[in-house]
1. What does the extension gain come out to for His198 and Glu105, with contour length at 0.36 nm per residue minus their alpha carbon separation?
2. Can you put Thr124, Thr15 in order, fewest other beta carbons within 10 Å first?
3. What is the antiparallel percent of DSSP beta bridges lying wholly in the chain, to the nearest 5?
4. Peptides 136-146, 160-170, 94-104: what's the order by average Cβ count within 10 Å, highest mean first?
5. Might you report the magnitude of the Cβ-based charge dipole of the chain about its Cα centre, with Lys and Arg at +1 and Asp and Glu at -1, to the nearest 20 debye?
6. Taking only Cα atoms and a 10 Å spring cutoff, compute GNM fluctuations for the chain and point out the largest among His198, His87, His179.
7. Which one of Asn203, Leu150, Leu215 is farthest out on the positive end of the charge dipole of the chain, using unit charges on Cβ (Lys, Arg +1; Asp, Glu -1) and the Cα centre as origin?
8. Which of the residue pairs Lys101/Lys217; Lys14/Lys106; Lys41/Lys210; Lys175/Lys217; Lys106/Lys210 have a Cα-Cα distance greater than 22 Å in the structure shown?
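Bear in mind these aren't lab numbers, they're just calculated from the coordinates by the rules spelled out. Computed from a predicted model, the values in this text were never measured in an experiment. Cβ sites come from the backbone with ideal geometry, for glycine too, and all protein chains shown count toward neighbours.
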Amino acid sequence: MSPAKTADKRSKSKTESFYDRIADVHNVALRVNGYRASVAKYIRSLDLGLTPESLVLDAGSGTGIITLGLEDSGIPHRGTVALDLSHRSLDIARSEFRRDKKTDEKRIEVVQGNVLELPFADETFDLVITCGVLEYVSLESGLAEMARVLRPGAKLVFIPVKPSLVGSMLEFLYKFKIHPLEDVRRISQQYFRIVGNHRFPFNEPIAWSKTIFLLEKI
Ligand SMILES: C[S@@+](CC[C@H](N)C(=O)[O-])C[C@H]1O[C@@H](n2cnc3c(N)ncnc32)[C@H](O)[C@@H]1O
């Protein structure tokens, strides 16, 4: 096994138990910081080419805030798969989907899995969204795997942590590694066309730590 693979395997189990421990507190923090509304507004502003038949993957869904933002956006899609390593995070996600009045939980499938070995056939999805997840793995392996499960021409909404003061604090607290934006651009272009590099408005807390790349699978 290559050194990169070995490192990902080791950090995988550490990451899983870390998020199993902090999932409840993390979920409360997310509910008060407005991420869901920011994501819904951003997604609504895009033409993602989705139809009522489209299938979406929230890769590294955690407690489900991005899936819920997607539901709020009202963009047409058949359903979403919310995938994460952390069992406890997914339990919370399930109960959030169940009790959210605007969400039809029957359209959401919750799957425990690894973004480096997605349990789906090639070209399964019409959209992948991933927020704050690839910081835990090799960027190259993560983007390659997301490209594999997307149909050609479909979009990846990639929301990485950006180098910033708040990003560095989160990096310390949440034990991940921010990828330099030059690497994000260079590696993305091996699998995707960069069709946008957007910013959340600065009055929205998500803007203090995250940027957005809108990518289209080549
Ligand atoms: C900072 S949280 C972000 C969660 C969610 N995307 C959000 O924006 O609220 C990072 C999440 O990535 C998950 N994660 C980290 N490495 C992963 C991997 N290799 N496969 C699947 N999930 C992973 C963690 O379990 C955690 O839920």
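1. Values: separation 93, 0.36 × 93 = 33.48 nm, distance 2.97 nm.
Length gained, His198 through Glu105: 30.5 nm.
2. Values: Thr124 16, Thr15 21.
Ascending Cβ contact count within 10 Å gives the list Thr124, Thr15.
3. Working: 11 of 30 bridges.
Antiparallel bridges make up about 35 percent of those DSSP assigns within the chain.
4. Working: 136-146: 20.8, 160-170: 16.5, 94-104: 13.6.
By packing density, highest mean first, the sequence is 136-146, 160-170, 94-104.
5. Details: 31 positive and 28 negative charges, 68 e Å.
Here the chain has a charge dipole of around 320 debye.
6. His198
7. About the Cα centre, the residue reaching furthest to the positive side is Asn203.
8. Details: Lys101/Lys217 34 Å; Lys14/Lys106 31 Å; Lys41/Lys210 15 Å; Lys175/Lys217 30 Å; Lys106/Lys210 30 Å.
Check vs 22 Å cut-off fails for Lys101/Lys217; Lys14/Lys106; Lys175/Lys217; Lys106/Lys210.
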